[in-house]
Structure formats: C-alpha cells, structure tokens
Amino acid sequence: MSMSARSELLIRVIMTLVFLSCFGTIAWAQPGMYSSKDNKAIKEYEKALDCLRLRQWSCAESGLKKALKLDAEFVEPRFTLAELFAMQDKHADAMAAYREALAKSSRFFPNAYLHLADIEFRDGQYLAAEQHYARFIELNEDPVREQRAQLGMASCAFAQEAIKHPVPFEPANLGEGVNTRDAEYYPCITADDSTLMLTRRVNDGTPPYGMQEDFFISRRQLDGTWGTATLLTGISTPTNEGAGTLSPDGRFLIFTACELQDGTYGAQRTGLGSCDLFISRRIGITWSTPENLGPPVNSANWETQPSLASDGRTLFFIRGTQARDGIRSMDIFVTHMQEDGGFSKPEKLGPSVNTQWQEESVQIHPDGRTLYFSSNGHPGFGGLDIFVSRMQDDGSWGTPQNLGYPINTGNDENSLLVNARGDMAFFASDRKGGLGELDLYNFAMPDAMRPTPVSYVRGYVRDRVSGNAVEADVEILDPSTGKLITAAYSDPNSGEFLVCLPVGRDLALNASADGYLFFSANYQVAHGTLVKPFRLDVPLSPVKPGESITLRNIFFETASYALLPASNAELSKLVKFMQGTPTLRIELGGHTDHVGEDAANQMLSEQRANAVRDHLIKAGIDGTRVIAKGYGESLPVETNDTEEGRALNRRTEAKVL
C-alpha cells in the first residue's frame with residue numbers, strides 16, 4: 001500500500017470523526033489496506049471505528065489502545081487516537097499521541113503536523129507549533145491547508161511578541177442589574193451612554209431547544225451603575241431575536257431572526273432564507289411591528305450581526321455563505337440607504353478585512369471610520385481575536401490591528417462594543433468570577449486602539465406657533481463642504497432627536513416636515529464637549545403667507561454673489577421643497593451687514609438673491625414662482641457691533657407670498 005493511499009485512508013477516518021453527526025455510515029478500508037498484518041489488531045481497530053460511529057468515545061479509546069498493544073507498529077490507531085483526544089479537547093493527550101505517531105511514521109499522515117501545530121499554538125507552545133507548521137509546509141500539497149499553516153506561523157511570531165508587551169486590561173463585570181445565570185452577550189449602547197441593550201439566552205423550556213433569545217434593556221442609574229434589565233416588549237417573542245443594533249438615539253432597531261422549524265421567523269415575520277435582518281422603529285415607548293429588510297440585504301444565505309452607523313444610513317452586517325456541509329464562510333458586508341428608503345446592493349469589504357476564514361461580530365464606531373470585528377483569519381492568538389481597522393482617505397480599510405494581549409487570548413473573543421466617547425469597551429465573557437454563563441463586562445480601551453471621540457447633539461423639533469412636537473427629517477451637514485454627516489427622525493410624541501458628532505466640529509442643520517417650511521441653521525458647536533453635549537431647539541413654521549425661513553446654509557464668496565459649493569445641499573433642499581408644493585410662490589430676500597457703502601450693500605444683496613433665484617430656475621422651478629429682492633443692510637436681526645451679529649445679518653431669506 002502506497003504512502004499516499006494510506007494518508008488518504010486516514011483522512012477518511014478522521015473526516016468521519018469530524019462529520020460523524022452528518023453521516024450515518026462510512027466506507028472503511030478494504031482488508032489488506034492497513035499498515036498492520038495482525039488480524040487481531042485490525043479487528044480491534046475496526047471495533048473502535050464502530051464505536052466512533054456511535055460516538056462512544058470511551059469504547060473507541062479502549063479499542064484503539066488494544067489495537068496498539070497487539071501491534072505497536074500499527075500506524076492508523078495512533079493517528080486516530082490523537083484525533084480522538086483532540087476532538088474531546090484533551091490537548092495534552094492529543095499532543096503526546098501526535099508526537100508518538102509522527103515519531104513512528106513522519107510521512108504517513110502529513111496533516112498530523114498541521115493538527116499538532118494548531119493544538120500546540122492554542123496551548124501557547126509557540127516555538128514547537130512554528131516548527132511543526134514549517135514541517136507541514138514542506139510535506140503538504142494542498143494550497144488551502146498551506147495558507148492555514150502560513151497563517152499559523154505568522155500567528156506564532158505575533159503571539160510571542162505580543163505577550164512580551166501586554167496592553168492595559170482590567171475588565172469589570174456590569175453587575176447583577178445586567179447579568180444573570182443565563183448568558184448575556186451582543187451589547188449595544190446609545191450615544192449618550194444612558195441605555196444598554198443586550199441579547200439574553202433565556203432558559204425557559206421553550207420547544208424545541210428549551211431556550212430562546214430575547215432583547216433586554218438596562219438604563220444607567222444616577223450613581224453610574226446599570227439598572228435591572230427588563231424585557232424589550234413589542235420586539236421580543238417566544239421565539240429567537242438577537243444580535244441587535246440601535247441607531248444612536250435608540251429609536252431604530254435592526255436585529256436578527258432565524259427560520260424556525262415550521263418555516264416562519266416568529267410572530268408576524270416572514271423571511272428569505274436561514275437568518276434575516278429585520279427593522280423596527282420606536283415611537284414614544286411603542287415599537288412598530290418588525291419588517292424584513294428584504295432584498296438585496298437579505299438573501300437565501302445567512303445574514304446576522306448588524307451594526308448601524310451613526311449616519312443612520314450605512315449598515316454593516318455579517319453574511320454567511322452556506323455549503324452542503326453548513327456555513328462555509330462568514331464575511332463583513334456593507335450597504336447604504338438610498339433616497340427612496342431602500343438599501344443598495346451589499347458590498348463585501350475588501351481583503352484587508354475579510355479573509356477566507358471567518359469574520360464576525362462587526363461594529364462600526366459612531367465616528368464612522370473605525371471598524372471593530374472578530375476574525376480567525378488574521379495573525380492572532382488562535383480562535384477568534386478582536387481587531388480594529390480604520391478607514392483610509394480613499395475610503396478603503398486599513399490593515400487590521402490585533403487589540404493585543406490579554407484582551408485577546410487563545411479562546412474566542414467577540415461581541416466587542418466601544419462607546420461613542422471611545423474610552424470604554426464592552427464585551428461578553430464566560431471568565432471565572434461571573435454571575436452565570438456569558439456575562440457582560442467593560443474595560444478602559446487602550447489609547448492606541450481608540451476611535452475618534454464622538455459626542456452628540458440633542459434637539460427638539462416643535463411647531464413654532466403651537467409649540468407641539470413635530471416629526472421631522474433632521475440632517476446634519478458639514479458647513480464647509482455641504483456633505484451629509486448624519487441624519488435622524490424626531491420623535492412624533494416628544495419632538496426629540498439625537499445625532500452623533502465628532503468632538504470640536506461645527507455643523508449645519510436642516511429639518512423638514514410635511515406642511516412646514518424647512519428649517520435651516522448653522523451652529524458653532526466646536527465648543528461642545530464629551531461632558532456637556534450641545535442642545536438645539538428647532539422651530540418649524542407652517543406653510544402660510546407671511547411666514548419665512550432664513551437659509552443659513554447658503555454661502556457666497558466674500559464680497560461676491562458667487563455661490564460656494566457648500567451651498568449645494570441647502571439649495572437642493574429648497575428645490576425639493578418647491579417641487580413638493582407646486583402652487584407655492586416665494587420671495588428670496590438678500591441681506592448684508594453694515595460694513596461698506598450703503599449702495600454697494602444694496603446691490604450685493606440684490607445680486608445674491610438673484611443668484612439663488614437663477615439656481616432654482618436652472619433646476620426646473622418656474623421663474624414666475626420666485627421673486628428676488630435685495631434689502632441691503634436695512635433689516636438687521638442682530639447688532640452690527642460684533643462679528644457674531646454681523647454674521648447673522650448676512651443672510652438669505654425665503655418668504656411665502
């Protein structure tokens with residue numbers, strides 16, 4: 001029997017161990033194909049294989065040892081015994097058995113070097129693992145396994161250095177308000193750090209598994225601790241809901257629900273295949289009926305673990321591609337909300353992030369440029385490690401950085417969440433000293449792994465006349481470029497909205513609602529801090545004659561009527577408003593401060609008003625609906641004695657006729 005044939009035979013045996021639950025029978029070697037000629041030893045070996053098929057591990061171990069006692073040169077039982085120990089996580093026994101088997105026959109089963117190296121690596125024996133990875137590469141002919149061995153060697157080199165330079169790590173249990181005897185994981189926190197959502201695996205005897213997943217909410221108390229987590233009503237059902245992501249204001253929830261045995265996805269939910277993503281909106285204290293995000297986000301594959309960016313329009317998630325033997329790969333995808341409210345075709349993040357192995361547990365930080373995720377495809381400590389990647393100037397993602405030791409270990413690490421300020425991270429762990437199964441912990445994020453700090457702006461949209469709350473579409477823009485930073489909807493019951501904003505950054509705001517003139521403002525909020533975020537009041541004026549709005553985000557070149565590119569977003573908003581109210585007529589009024597000659601200011605104000613009118617006409621608005629008028633410096637709204645006052649007096653207004 002050739003060496004390659006023997007190796008193929010043992011691969012078939014080991015594949016049976018790995019996929020035993022999937023295959024009821026297996027085609028074993030024909031008589032005469034073993035390395036032993038001892039019939040009694042062969043008989044004991046085949047009895048052991050029968051025990052393996054029945055998952056009777058003690059019986060299998062006993063039979064393999066009997067075969068070796070009858071014929072110490074019988075190679076197959078040695079390698080099979082090593083695999084059996086490895087399957088049961090008996091790492092010391094597995095390593096000893098592999099070493100004995102390889103000492104007897106170093107070329108019989110080259111994959112054993114890879115399996116041994118993997119166990120040595122997980123056990124922290126990096127030098128030995130490195131040697132066995134290298135030996136496997138010498139003998140191997142499979143390019144996929146060689147890539148795995150190359151990753152193993154890189155991980156050995158990384159781990160040896162990382163352990164010499166540990167990062168600060170002092171995890172603290174979130175306490176009895178959050179954690180229970182059940183498993184808690186996948187934390188999610190609002191931008192103001194006041195509300196924590198988590199997934200809990202509830203052991204409630206629910207068929208068919210006796211357990212199911214639900215969402216729970218905990219709120220921060222005045223003393224900084226977390227209050228008792230309560231069931232998220234309106235979303236949680238007797239079936240599974242998990243791995244959720246909240247918008248920064250906590251008003252939108254996207255979560256995962258999976259297909260049940262009866263083909264449904266839970267109460268009033270339908271799906272496209274395996275696990276899908278669903279969305280719900282909170283109005284006041286009531287959550288809407290969850291809706292499937294539909295194609296192209298959901299597919300016949302497996303979609304899970306969403307992370308919604310702070311702009312409310314960019315969604316990262318995990319998609320698992322299924323093969324006949326289960327999930328073949330898990331990768332990070334991103335999709336963007338379109339003008340019509342639907343999502344774009346998801347794009348797979350590039351090879352700098354995704355590997356041919358497994359990526360999961362993704363979080364896009366509220367800064368929109370820092371991505372945290374777990375992977376076993378980048379150099380690390382074995383299993384799933386947590387990494388951080390940062391968006392480059394060209395929109396690509398940089399080389400991921402391992403968060404380091406002891407945040408990452410030889411176990412699986414995932415479910416990481418970093419708060420908006422970037423100084424605190426949350427994660428799930430079953431470490432000793434917990435309150436039950438998986439518990440939620442937090443720790444101070446090492447400086448080198450922190451994102452850009454993000455604060456938030458809280459505001460209230462109300463009817464200017466009645467004072468009632470108004471549901472409005474709120475957009476925050478960069479005043480220097482006019483580009484959208486983030487967006488939100490105000491709550492129809494309270495008028496409240498909350499959006500994230502990088503610390504020390506000014507903003508432009510647009511708010512619009514049916515039946516109202518849109519609101520425009522420009523805020524110098526660079527003085528806002530993480531401790532004291534900025535608060536805005538947004539009054540909306542009903543659409544009726546005599547009402548007017550100040551277009552604070554229309555900008556001109558100094559002493560000129562040439563519109564700056566930063567004005568485009570506001571101009572587009574004005575065009576859409578005019579298109580949406582086709583009978584409306586407006587007056588565009590130009591205003592200046594008192595610097596310069598009166599006549600020059602009058603002319604400049606007229607030119608600027610006409611520049612905006614010309615833009616509307618070019619965009620398709622009938623010129624008879626728009627009158628341009630210049631008022632010069634005659635109607636100031638603030639004093640001209642300060643620069644702040646003069647800036648407010650330089651403005652363009654739109655008045656309903």
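The values are calculated or read from the model by the stated rules, or taken from the named source; none is laboratory data. Because the structure is predicted, anything quoted here is derived from the model rather than measured. Because the Cβ atoms are built from the backbone with ideal geometry, glycine has one as well, and the counts that use them run over all protein chains shown. These area figures cover heavy atoms from the full protein model, side chains too; ligands, DNA and RNA do not enter into them. Shrake-Rupley method; radii C 1.70, N 1.55, O 1.52, S 1.80 Å.
How big is the antiparallel share of DSSP beta bridges in the chain, given as a percent to the nearest 5?
Among the beta bridges of the chain, antiparallel pairing accounts for roughly 90 percent.
From the backbone phi of the range 176-186, what are the Karplus-calculated ³J(HN,Hα) couplings (6.51 cos²θ - 1.76 cosθ + 1.60, θ = phi - 60°) in whole Hz, Gly and Pro given as x?
These are the phi-based 3J(HN,Hα) values: 5, x, 9, 9, 9, 5, 7, 8, 10, 7, 6 Hz.
Take the alpha carbon atoms of the chain, find their radius of gyration, then divide it by 2.2 N^0.38 Å using N residues; give the quotient.
Normalised by 2.2 N^0.38 Å, the Cα Rg of the chain equals 1.23.
What does the accessible area per residue of the chain come to in Å², with a 1.4 Å probe and no ligands, DNA or RNA counted?
It amounts to 46 Å² per residue over the chain.
Please list 3J(HN,Hα) in residue order for the range 268-280, calculated via the Karplus relation 6.51 cos²θ - 1.76 cosθ + 1.60 where θ = phi - 60°; whole Hz, with x for glycine and proline.
Working through the residues one at a time gives 6, 10, 10, x, 10, x, 6, 10, 10, 9, 10, 10, 9 Hz.
What's the magnitude of the charge dipole for the chain around its Cα centre, counting Lys and Arg as +1 and Asp and Glu as -1 at the beta-carbon? Answer in Debye, nearest 20.
Here the chain has a charge dipole of around 1040 debye.
Projected onto the charge dipole of the chain (+1 at Lys/Arg Cβ, -1 at Asp/Glu Cβ, origin at the Cα centre), which of 221, 408, 545 gives the Cα projection farthest towards the positive end?
My answer, from the dipole projection, is 408.
Report the Cα-based extents of the range 370-418 along its three principal axes, largest first, to the nearest Å.
35, 21, 14
Whole number please: convex hull volume per residue, Cα atoms of the range 198-285, in Å³.
For the range 198-285, the hull spanned by Cα atoms encloses 104 Å³ per residue.
Karplus couplings for the range 220-226 from phi (6.51 cos²θ - 1.76 cosθ + 1.60, θ = phi - 60°), rounded to Hz, Gly and Pro as x?
Result, ordered by residue: 5, 8, 4, 8, x, 7, 9 Hz.
Would you please give the residues with an amide H less than 5 Å from that of residue 232, counting only those at least 5 places away or on a separate chain, with H modeled from the backbone geometry?
215, 216, 217
Calculate for the chain the 222 nm mean residue ellipticity that helices alone would give, adding -39,500 (n - 2.57) per DSSP H run of length 4 or more and normalising by residue count, nearest 500 deg cm²/dmol.
Theoretical 222 nm ellipticity from helices: -8000 deg cm²/dmol.
In Å, what is the Rg of the alpha-carbon atoms in the range 249-344, and how long is Dmax?
Answer for the range 249-344, Rg first and Dmax second: 13.7, 45 Å.
Only sites in a loop by DSSP and with at most 16 other Cβ atoms within 10 Å count here; which GluC sites (Glu not before Pro) in the range 153-204 make the cut?
176
Can you find, among 486, 561, 584, the residue sitting farthest towards the positive end of the charge dipole of the range 454-603, where Lys and Arg contribute +1 and Asp and Glu -1 at Cβ?
Checking the options against the dipole of the range 454-603, the answer is 486.
I want the antiparallel fraction of DSSP beta bridges within the range 327-376, as a percent rounded to 5.
90
Would you work out what percent of the accessible area of the range 505-657, with all protein chains in place, is carbon or sulfur (probe 1.4 Å)?
Taking all protein chains in place, the range 505-657 shows 53 percent carbon and sulfur surface.
Taking amide hydrogens as modeled 1.01 Å from N in the peptide plane, which residues meet the under 5 Å criterion relative to residue 517, leaving out close sequence neighbours?
541, 543
Rg over Rh of the range 145-266, using C-alpha atoms and the Kirkwood radius, what does it come to?
Across the range 145-266, the Cα-based Rg/Rh ratio is 1.11.
Could you pull out every residue, at least 5 positions away or on a different chain, whose amide H is within less than 5 Å of the one on residue 242? Hs are placed 1.01 Å off N in the peptide plane, and Pro or chain starts have none.
Counting only residues 5 or more places away or on other chains, the set is 256.
List the trypsin sites (Lys or Arg not before Pro) within the range 370-477 that fall in a DSSP loop (any state other than H, G, I, E or B) and whose Cβ has at most 11 other Cβ atoms within 10 Å.
Of the trypsin sites (Lys or Arg not before Pro), the ones in loops of the range 370-477 whose Cβ has at most 11 other Cβ atoms within 10 Å are 432.
Once you charge only the Cβ atoms, +1 for Lys and Arg and -1 for Asp and Glu, what is the size of the charge dipole of the range 413-469 about its Cα centre, to the nearest 20 debye?
Once rounded to the nearest 20, the dipole reads 380 debye.
Quick one: putting +1 on the C-beta of Lys and Arg, -1 on the C-beta of Asp and Glu, what dipole do you get for the range 267-327 around its Cα centre, in Debye to the nearest 20?
Magnitude of the dipole: close to 120 debye.
Using +1 at the Cβ of each Lys and Arg and -1 at the Cβ of each Asp and Glu in the chain, identify which of 596, 396, 511 lies farthest towards the dipole's positive end.
396
Quick one, can you get me the convex hull of the C-alpha atoms of the range 430-543 expressed as volume per residue in Å³?
Dividing the Cα hull volume of the range 430-543 by its residues yields 164 Å³.
Of all the Cα-Cα pairs you can form in the range 81-197, what percent are over 24 Å apart?
47
What area, in nm² and to one decimal, does the C-alpha convex hull of the range 541-657 cast on average over all directions?
7.0
Out of the range 127-216, which chymotrypsin sites (Phe, Trp or Tyr not before Pro) are coil in DSSP terms and have no more than 16 other C-beta atoms within 10 Å?
When the chymotrypsin sites (Phe, Trp or Tyr not before Pro) of the range 127-216 are filtered for loop state and at most 16 Cβ neighbours within 10 Å, 169, 209 remain.
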